[in-house]
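Novice: My questions will all concern the structure given below.
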Ligand code: SF4
């Protein structure tokens, strides 16, 4: 694997690692659906269950184990992989009971071939990031803590129904920064109704002052079926500030680059060498074993989706929707969200010559339109592509679909 460009053309960012297809690796995703309260914009499968964790939250570990054992017994693919990431997401997995969590991690270690170089992530909300908890998480082997911070301004958090503990919002970043955990990250949201550009950048500066290794920044969106989208439809709430979102989306790459952060996916930045291996797995279409209600999995051949319903999941965790994966289309929908350089050929190993040539032509066309760099089989978007990224990706998937229709007729 090439770590730095030596290209004379100097077209690529320095110190950036080329994205290449990997084989033989998988990850585990565990979905813990419980939160203190349900945020109105959230479309993840999550349940507001109050400050004090309930017995149901402890019992879910038993069902995770049952699901894992059944999946391993029924699908040989899961035995062929080395697992180099474990990601506890949700919901709010930082409220997991530590004893149950310890037992479950031990169970994963016993049942899966884990890599020696394991990335183990916990998504945490500020209210749970106490000194004791962080120490305990470290002891359990977590190498990454990613905090769902979203905003420092209670006005905006309350507007979207997010739980806010003022002391913890202040203290949690300090605790995390001094914990010695090697990978620390934050999620921030921009474009709350009424939010000023400088308010967002003040949140960003505050978090960057702790020099986290990773930061994800998302625009507030109206997701179908959420409370917030219903409230907007009924005229009870205002929709997100789209003009502000466009402005911020355009400015972030330059700002973050000046602070030493690599832009490696539309919404994700990291210090060099600190990309989220687990999240890259999704964009590179690598296998992952999803456990929990509402979790998805991909065994390298087909996908499954678990019931988005705790009761149904508890009754039978492996009653799932199974779908064959369309490798080429799905891959390009996600791979081209990456802004780091990609060695395209490594992802096309199983594709027909005709498909390869369509892709090659499209990448050359993007390069001619000054949207991207494409040289010696390495592709990288230029920052200006971000505004219409979805439409460019659509151009490619349409060209592939037309080709497959022609082949069939
Ligand atoms: S805390 Fe996170 S997962 Fe829970 S409801 Fe809010 S956004 Fe969704």
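Novice: Please express the Cα-Cα pair-distance distribution P(r) of the range 27-126 as a list of whole percents, one per 10 Å bin, running from 0 to the bin with the greatest distance.
Specialist: For the range 27-126, the binned pair fractions read 14, 46, 30, 10, 0 percent.
Novice: Suppose only helical runs count, i.e. DSSP H with n ≥ 4. What mean residue ellipticity at 222 nm does that imply for the chain under -39500 (n - 2.57) per run, divided by all residues and rounded to the nearest 500 deg cm²/dmol?
Specialist: Mean residue ellipticity, 222 nm, calculated: -11500 deg cm²/dmol.
Novice: List the relative contact order of the chain as a percent without decimals, with contacts defined as Cα pairs under 8 Å and 6+ residues apart. Could the numbers behind the result be given before it?
Specialist: On the way: 677 pairs, mean separation 71.5, N = 409.
Rounded, it is 17 percent for the chain.
Novice: Here's another thing I want to ask about it. What shape does the range 219-363 take by its C-alpha gyration tensor, where a ≥ b ≥ c are the square roots of the eigenvalues and a/c under 1.5 counts as rounded, a/b above b/c as prolate, and the rest as oblate?
Specialist: Oblate is the answer for the range 219-363, as a/c is 1.5 or above yet b/c matches or exceeds a/b.
Novice: Arranged from highest to lowest average of other beta-carbon atoms within 10 Å per residue, in what order do the peptides 84-94, 179-189 appear? List each step's numbers first, then the result.
Specialist: On the way: 84-94: 24.5, 179-189: 19.5.
Most protected by this proxy first, the peptides run 84-94, 179-189.
Novice: Given a Förster radius of 25 Å and the C-beta distance between residue 395 and residue 222 as r, what FRET efficiency does 1/(1 + (r/R0)^6) yield to the nearest 0.05?
Specialist: 0.45
Novice: Less than 13 Å from a label point 7 Å out along the Cα-to-Cβ axis of residue 257: which backbone N atoms in the range 375-409 qualify, by residue?
Specialist: Correct set: 381-386.
Novice: Relative to 2.2 N^0.38 Å, what does the C-alpha radius of gyration of the chain come to as a ratio? Two decimals please.
Specialist: Expressed relative to 2.2 N^0.38 Å, the Cα Rg reads 0.99.
Novice: Kindly put 336, 107 in sequence by how many other C-beta atoms sit within 10 Å of each C-beta, fewest to most.
Specialist: Neighbour counts put them in this order, fewest first: 107, 336.
Novice: What percentages, rounded to whole numbers, describe P(r) for the range 155-230 computed over all alpha carbon pairs with 5 Å bin width beginning at zero?
Specialist: For the range 155-230, the binned pair fractions read 3, 12, 21, 25, 18, 12, 7, 2, 0 percent.
Read the figures in this text as sums done on the coordinates, not as results from a lab. Keep in mind it's a predicted model, so treat the numbers as computed, not measured. Neighbour counts are summed over all protein chains in view; Cβ atoms, including those assigned to glycine, are modelled from backbone coordinates with ideal geometry.
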